[in-house]
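The values are calculated or read from the model by the stated rules, or taken from the named source; none is laboratory data. Please read these numbers as outputs of a predicted model, since none were measured by experiment. All Cβ positions, glycine included, derive from the backbone under ideal geometry; neighbour counts span all protein chains shown. Note: areas computed on protein heavy atoms with side chains; ligands, DNA, RNA excluded. Shrake-Rupley method; radii C 1.70, N 1.55, O 1.52, S 1.80 Å.
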Amino acid sequence: MKLKIFTLFFFSAIIALGLSCRKAELLQPEPAKIIQLTVTGASDVGLEYLYKDSIIATPPVGGINVKTLLSVKDQNAIFKVRKKGTSEILLTKTITAVPFDQNISFFYDGTKVYNNAISLVVKGFALSGEIEFLLDGKLLSSGTSIINNTFFILIDKGTTREITIRKKGTTEILFTKTIESEIARQNIDFFFDGTKIANNVKLTPPANPANMTISAKFETIFAPQFKNVDVDIVFYTKPTSATITTAGTKVIPELRLTLPKDGSFNSIELPPLPGPNYIYSFDIFEAGTNNVPYNTTASPFVNAAFPFKQNEGRYGSISFEANTSKLFIIKDTKNLGATTRSTYFSGAITDLSQYFK
C-alpha cells in the first residue's frame, strides 16, 4: 500500500514538474513595439533630437515638422531635445509603447521653450517718426510710414504676454496689448500721428452694400484759434462740374459725423449720390451746432477784407464707391473766395485706405 502511495506521489511530482517547465518556456521577452512620433513647432537655433541617448534627427532652423518611427521595449524610453553641438537638454518626454501615434509640439526662441504660439498681425500707418514694438519690454521690431507685419509670438498655454508700442528714442508707452494664449490669430490696427496712437483702426464694409463707409479723424492746423472741441462733419452733394464757388446741396435728413477732439476715429455710412457725376462735399462745425470751431475775430486769421462765411459744401471732396470702406484724416484749411471776398473753412483729406486693406 505504501509503495502505491509513493508511486502515485512520484508520478504526480513528475507531471507537475513537466507543467512547470512548459510554463517557463512561455515566458519569452516581449518583442519591441514600434510607435510613430511627430514633432512640430519652430526654433530660432539648430537642435538635435536624441532617443535612448543617440542622435536621431537634426532639423533645420525654422519650422519643425519631423516624423519618425521609434522602437519601444518598455515604458521608460526617453526622447530629448538639445541645442545642436551642446549638452544642454531643453526638453525631455517619456515615450510609451502605446498609442502608435504620439506627438510633441514645442517652440524655442533661443532662450526659453514654449508649448504654444500665436500669430500677431500688425497693420498701421505712422504719419511721422519711427515707432518700436516691444514684447515683454524687449525690442521686437520697429517701423515707419506703412507698417504691415506678422509676428509669431511664443507663449505657454494658460498664460499671457504683453506688446507695447513707443516712439523711437523715448520711453513713454503709447499703446499696450495683452496677448492671450487661447486666440490663434490676433491683430493690432493703428494710426500714429507722430504724437499719439489710435488703435482698432479697421476698414469694415458697410452694412448696406449700396452705401460707402468712411472712418475719419480730425486734426487742426490752427491750434491757437481752435476751440479744442469735438467737431461735426456735415455732408453736402454737388455735381463734379460745379465750381468751388457754388454751394452744395445739404443732405436731407442731415448727415453729421462727430469727430472727437482727442483725435480718435469715428465712422458713418454715406448713401448713394444722386448720380455718377456727383461728389460729396462737407463743412466743419462745432459739434451739435452750426458754428465754426474757431475764434474767428482775430487778425490775420480772418481779416476785415475777407470776413468769415459758412462753407455750405463749397469745399471738401469725397468720391463715392459703393460697398467700400475708406479711412481718412481730415485736416482743416482756410479758403479765401476772391469773388465773394469771404473766408471759408473746410477740410483737406488724406486717404489712408490703401494701407489697411
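Using DSSP to define loop residues, name the GluC sites (Glu not before Pro) in segment 254-357 whose beta-carbon has at most 15 other beta-carbon atoms within 10 Å. Here the GluC sites (Glu not before Pro) that fit, given the DSSP loop and packing criteria, are Glu254, Glu321.
Checking the a/c ratio against 1.5 first, then a/b against b/c, what shape does the Cα gyration tensor give for segment 180-297? Here segment 180-297 falls in the oblate category.
Between the amide H of Ser342 and those of Gly337, distances stay under 5 Å, these residues lying 5 or more places away or on another chain, with hydrogens modeled in the peptide plane. Leaving out ligands, DNA and RNA, and with a 1.4 Å probe, what % of the accessible surface on the chain is carbon or sulfur? Using a 1.4 Å probe with all protein chains present, the chain comes out at 54 percent carbon and sulfur.
Checking [x] 1.80; [y] 1.36; [z] 1.25 against the coordinates, the calculated Cα Rg over 2.2 N^0.38 Å falls under label [x].
Computed from Cα atoms, the angle from the helix 2-26 axis to the main principal axis of the chain rounds to 30 degrees. Cross-link pairs exceeding 28 Å in C-alpha to C-alpha distance, out of Lys138/Lys217; Lys123/Lys157; Lys227/Lys309, comprise Lys138/Lys217. Here the calculated FRET efficiency for Asn208 and Thr339, from their Cβ-Cβ distance with R0 = 30 Å, stands at 0.15, rounded to the nearest 0.05.
Compute the accessible area per residue over the chain, keeping the other protein chains in place, probe 1.4 Å, unit Å². Walk me through the intermediate numbers first.
Details: 19490 Å² over 357 residues.
Value for the chain: 55 Å² per residue.
Arranged from highest to lowest average of other beta-carbon atoms within 10 Å per residue, in what order do the peptides 78-90, 143-155 appear? Could you put the intermediate results ahead of the total?
Values: 78-90: 14.1, 143-155: 16.1.
Going by the mean number of other Cβ atoms within 10 Å, highest first, we get 143-155, 78-90.
Can you order the peptides 258-265, 229-236 by their average number of other Cβ atoms within 10 Å per residue, highest first? Kindly include the intermediate steps, with their values, before the conclusion.
Working: 258-265: 15.8, 229-236: 21.4.
Result, highest mean Cβ count within 10 Å first: 229-236, 258-265.
Does segment 131-205 classify as rounded, prolate or oblate by the C-alpha gyration tensor (a ≥ b ≥ c root eigenvalues; a/c under 1.5 gives rounded; else a/b over b/c gives prolate, otherwise oblate)? Taking the square roots of the gyration eigenvalues as a ≥ b ≥ c, segment 131-205 is oblate. Between Ile349 and Val45, the contour length at 0.36 nm per residue exceeds the alpha carbon distance by 104.7 nm. Which FRET efficiency, nearest 0.05, do Ser128 and Thr150 yield, Cβ-Cβ r, R0 22 Å? Efficiency computed from Cβ-Cβ geometry: 0.35.
What is the antiparallel percent of DSSP beta bridges lying wholly in the chain, to the nearest 5?
Working: 89 of 114 bridges.
Bridges in the chain that DSSP calls antiparallel: roughly 80 percent.
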